[in-house]
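The values are calculated or read from the model by the stated rules, or taken from the named source; none is laboratory data. Just so it is clear, the model here is predicted, and its values are computed rather than measured. All Cβ positions, glycine included, derive from the backbone under ideal geometry; neighbour counts span all protein chains shown.
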Amino acid sequence: MQRILVGIKRVVDYNVRVRVRPDGTGVVTDGVKMSINPFDEIALEEALRIKERGGADEVLAVSLGPDDTQQQLRTALAMGADRAILVRAAESVEPLAVARALLRIIEREAPALVILGKQAIDDDCSQTGPMLAALWDRPQATFASKVEIDGGRARVTREVDAGLETIEVDLPAVITTDLRLNEPRYVKLPDIMKAKKKPLDVTDLAALGVEAAPMLKVLRFEPPPQRQKGVMLKTAAELVAALRQKGLV
Amino acid sequence: MNRILVVAEHAHGALNASVAKCVACATAIGNSEVTVAVLAADGTGVAAAAASLAGVARVLLVQGPANEPALAAVLAPQVAKLADGFGHVLGPSTTFGKDLMPRVAGLLGAPQVSDIMAVESATRFRRPVYAGNAIATVEATAGRAIVGTVRTASFQAAGPGGPAPVETLAADPPTTTHTRFLSATAAKSDRPDLQTAARVVSGGRALASQENFALIQRLADRLGAAVGASRAAVDAGYAPNELQVGQTGKIIAPELYVAIGISGAIQHLTGIKDARTIVAINKDAEAPIFEVADYGLVGDLFALIPEIESLLSSRTGATATVR
C-alpha cells in the first residue's frame, strides 16, 4: 500500500488584507475567512495527481490546529484526499512541535512520501519540511516545481535562487512545494457531499506524546512601517530628470 | 560572550554576498565571537574571503568532496556537529539557508527564528510575518541554542577586516547516500545579481509575453541593473523563476527599484519595501504599487520604456538634470 501523507494548515485566506490588533497581541482573525495554506493545496494536488497516475493508493491529509480546522480537512477530502487526521492543538504550534507530531503519525501510517507546503503564509516560517526530514532521518526535496516518481525514487526539480536544480531522493522522503508545481483543482459540489462520509479522525498532541511547550515567545505584533506615497509625474522626461537629480541613473 | 556560528553560502568558488549580511547580523547580537563555517569540496578561496570580513574571529573550513554541490541532507549533520558550544547558528534566508537551517534545527532540537530583520538582544529578534503585513518580536528561551535565518535585505554587509585565522578540517565521509544531486540550470548572465544589485528593473503581467519582456532586459542593461519579475510574470512564463521578487521569491533592497507593469500585490511589495527609491510605471492609476512608489508614472509601458531609454542616452536629458 503506497500512501502519501499531505500536511494541511489552516491560515488566514490569501486574499485577506491582514491587520494587526490594536493591542499588538496578534492579527485580526474575527470574521476573517480561513483557508488551506495555498502551498498545502499545491501539496495535496500533487499527491492526488500521483495517485491518479497510479503512483499511490491513498492520500492522507493531516493537520494540527483547533477544532475548526476540520473545515479545511473537509475541503481536502472534497478535493480528493481519502482520509484525514486532525491533531487538535492550540492556534499556533511551533514548526518543531508540528514536525514531531507529524513524525508520530508517520510512524503509524508509514507513508512512502510526505508532501508539505514550503511555507505557511501566516507565520512565513518555512521550517516544518526540513525539520521533519531531519527527525525522520529521511531525504528532503524543498521548493519543488516538478516531481517525478520512479519506483522507489523521486526526481525533484527545485526552484532555487540560481534557477532550477534537480535532485534525486530515495523514498520515503519529504517534499515541499513551490508555487509552480501545479494548479490545484476546484472542488465540485458533489465532492463536498461525498467528503462528508470520508473518515476524519481526531486526536491530540498529548495522545501522540508530543510536548508542544513553546520555545519562542511572541512578545508583540506591530504593523510594518509604511512607505510614504511619493509624487506622480506626468512624463518620461520628468522621471529621468528626477532620477538624475538624485544621482540614481 | 555570544559564540555565533555563521554557515557560509558559496558556489563555484565564490563566497555568496549573504555571508557578509549574516556576519553583520551576528555582530549586531553584541558581545559576539563570530565563527564562519565553510563546508566545501575545495573551499580555500571561499574561506579566505570569509576570513577577511570585519567581525569574523575564525573560519572553520570543512572540506570533503560530498560537500559540493550543497545538499542539506549532507551538510546538516556536519553543521549540527560544529554547532556544539555555539549559542546561535545563523544562515541566510536564501533558498540555501531555508533548505539547510531548519534541518540543522531539527537535528539540534532547537527553535528557529526565520527571516531575522532586526536584533533586539541575544535572545530577542524582530521578523516579518503575514507577507510583511505584521512585524513580530520573538524571544527565545535563554540558555538554549537558537537557529536563525537572516533576512539579508535588512542588514548592511560587514565590511573588510581581518584576516581571521582559517582552521581546516577534513569532512567525515558522508553517511547520507539517499539524496543525489543531478543537475542545475546554468543561468549565466552578465547582468548584476538580483539579490545584491544596486538597481533593479522588474516587469509584470502587463508585459504580456516573453518577447516583450526583452524590453525590461534592455532597460535594465541600459541602467546597469538586475532584472526582476512579479509572480504573475513568472507564472505566465515571461521570466524564469529565479527572477521572482516578493514574499515567496527574493527579498531585495536596491538603491533603485523600477516596477513596470506590476500592479503591486502585497506579496510583491513585501519583497521591495527596503528599496531606497521605488519607481512605478503602470497604465492603471489606481494600482497599489503607486501607494509605495517614490515616483509614479501612469501610461503605456510600450511607449514609455523606449522613451526613457532614449532620454537616458540623450545629452539634452543630461543637461536638464543639472538645473
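Residues that are polar (S, T, N, Q) and surrounded by 17 or more Cβ atoms within 10 Å (Cβ to Cβ) were ranked within the stretch B:172-198; the one that is modelled with the highest pLDDT is B:Thr179. Every condition in (1) farther than 15 Å from B:Ala8 by Cβ; (2) of a type in the set (A, V, I, L, M, F, W, C); (3) in a helix (DSSP H, G or I); (4) at pLDDT 95 or above is met by B:Phe125 except one, and the failing one is (3). Here is the figure for the stretch A:137-152: residues that are assigned to a strand (DSSP E or B), facing chain B (nearest Cβ under 9 Å) and surrounded by fewer than 22 Cβ atoms within 10 Å (Cβ to Cβ) total 1.
Here's the yes/no breakdown for (1) under 23 Å from B:Ile251 (Cα atoms); (2) in the same structural domain as B:Ile135 (by TED's automatic domain parsing); (3) crowded, with 23+ Cβ neighbours inside 10 Å; (4) not acidic (Asp, Glu):
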residue	(1), (2), (3), (4)
B:Asp84	no, yes, no, no
B:Gly91	yes, yes, yes, yes
B:Val113	yes, yes, yes, yes
B:Met117	yes, yes, no, yes
B:Thr123	no, yes, no, yes
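Just one of the listed residues (A:Val12, A:Val32, A:Val6) is over 19 Å from A:Gly129 (Cα atoms), of a type in the set (A, V, I, L, M) and in contact (Cβ under 8 Å) with a residue 24 or more places away in the chain, namely A:Val12. Of the set (1) away from chain A (no Cβ under 14 Å); (2) in contact with a strand residue (DSSP E or B) (Cβ under 7 Å, 6 or more places away or on another chain), all apply to B:Leu100 but (1).
Scanning the stretch B:199-210 finds no residues that are touching a residue at least 12 places away in the same chain (Cβ under 8 Å), more than 28 Å from A:Leu181 (Cβ to Cβ), basic (Lys, Arg) and surrounded by fewer than 16 Cβ atoms within 10 Å (Cβ to Cβ). Of all the listed residues (B:Ala66, B:Ala54, B:Ala48, B:Ala40), the sole one being in the same structural domain as B:Thr95 (by TED's automatic domain parsing) and either without any contact (Cβ under 8 Å) to a residue 24 or more places away in the chain or buried (at least 22 other Cβ atoms within 10 Å of the Cβ) (or both) is B:Ala40. Scanning the stretch B:239-274 for residues that are on the phi > 0 side of the Ramachandran plot and polar (S, T, N, Q) returns no hits. Is at least one residue of the stretch B:136-149 crowded, with 24+ Cβ neighbours inside 10 Å, under 20 Å from the mean Cα position of the chain (by Cα) and closer than 26 Å to A:Tyr14 by Cβ? For the stretch B:136-149, residues crowded, with 24+ Cβ neighbours inside 10 Å, under 20 Å from the mean Cα position of the chain (by Cα) and closer than 26 Å to A:Tyr14 by Cβ: present. Only one of the numbered conditions (1) farther than 26 Å from A:Asp13 by Cβ; (2) within 10 Å of another protein chain (Cβ to nearest Cβ) is not met by A:Gly129, and that is (1). Only one of the numbered conditions (1) more than 30 Å from B:Gly299 (Cα to Cα); (2) within 7 Å of another protein chain (Cβ to nearest Cβ) is violated by A:Leu233, and that is (1). One residue stands out in the stretch A:55-106 among those that are acidic (Asp, Glu) and not in a strand (DSSP E or B): the one that is nearest to B:Leu107 (Cα to Cα), namely A:Glu94. Being surrounded by fewer than 20 Cβ atoms within 10 Å (Cβ to Cβ), closer than 27 Å to B:Pro77 by Cβ, in contact (Cβ under 8 Å) with a residue 60 or more places away in the chain and among the small types (Gly, Ala, Ser) is true for just one of A:Ala97, A:Ala90, A:Ala110. Which residue is that? Going through A:Ala97, A:Ala90, A:Ala110 in turn, the sole match is A:Ala110.
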